[in-house]
Amino acid sequence: MQTNEEVISRFYSAFQKLDYQGMNSCYSDDIDFSDPAFGRLRGDEVKYMWEMLCTNAKDFSLTFSNIQLLDEEYATCNWTARYTFSKTGRKVVNYIKAYMKFKDGKIIEHSDAFKLSQWASQALGWKGTLFGWMGWMKRKIQNNARKSLITFIEKKEAGNR
């Protein structure tokens, strides 16, 4: 069985190659995920999210560092994503801290923390700069991310029939 540090390295190395299948193989089937953009997702929603993000990525690069094993179950690391936000064509550099919980060599909980207002400022321009810190704008960003994910899942599942 791989160590938790090896699982993290495998996850982010796959992400660097936009290999969502490799990323998802690091997760348990009932993965619990959350971040400021998508909110809380579970199971297949999480796996579809990574597939959507990887297949739609433009000008993407990723670095990860500072893997810290807190105990036998928990670990953190830092990662930075650089990409062009497809809806606006604007460049984004997102600095993220990941928190993960492990069981039986798989990630069972994954939470990404970043400042949504900073992301909004980069991705959305002046509207994000002015309003990105406001609750209604954060809800709008989450709702749009959710809608995109639901549409992606519906198309994938319709294609599998």
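Of all residues in the range 134-161, which are among the aliphatic types (A, V, I, L, M) and in contact with a helix residue (DSSP H, G or I) (Cβ under 6 Å, 6 or more places away or on another chain)?
Residues satisfying the conditions are Met137, Leu149, Ile153.
Of everything in the range 61-83, what is more than 15 Å from the chain's Cα centre (by Cα) and over 20 Å from Ile108 (Cβ atoms)? Give them in sequence order.
Ser65, Asn66
Only one residue in Lys47, Lys17, Lys58 is free of Cβ contacts under 8 Å to residues at least 12 places away in the same chain, more than 15 Å from Ser111 (Cβ to Cβ) and of a type in the set (Lys, Arg), so which one is that?
Lys17
What do you reckon, is Ala145 under 19 Å from Ala57 (Cβ atoms), in contact with a strand residue (DSSP E or B) (Cβ under 7 Å, 6 or more places away or on another chain) and of a type in the set (A, V, I, L, M)?
Values: under 19 Å from Ala57 (Cβ atoms): yes; in contact with a strand residue (DSSP E or B) (Cβ under 7 Å, 6 or more places away or on another chain): no; of a type in the set (A, V, I, L, M): yes.
When the stated conditions are applied, Ala145 does not pass them.
Each reported figure results from applying straightforward, stated rules to the coordinates on display, with no laboratory input. Note that this is a predicted model, so its numbers are computed, not measured. Cβ atoms come from the backbone with ideal geometry, glycine included; neighbour counts cover every protein chain shown.
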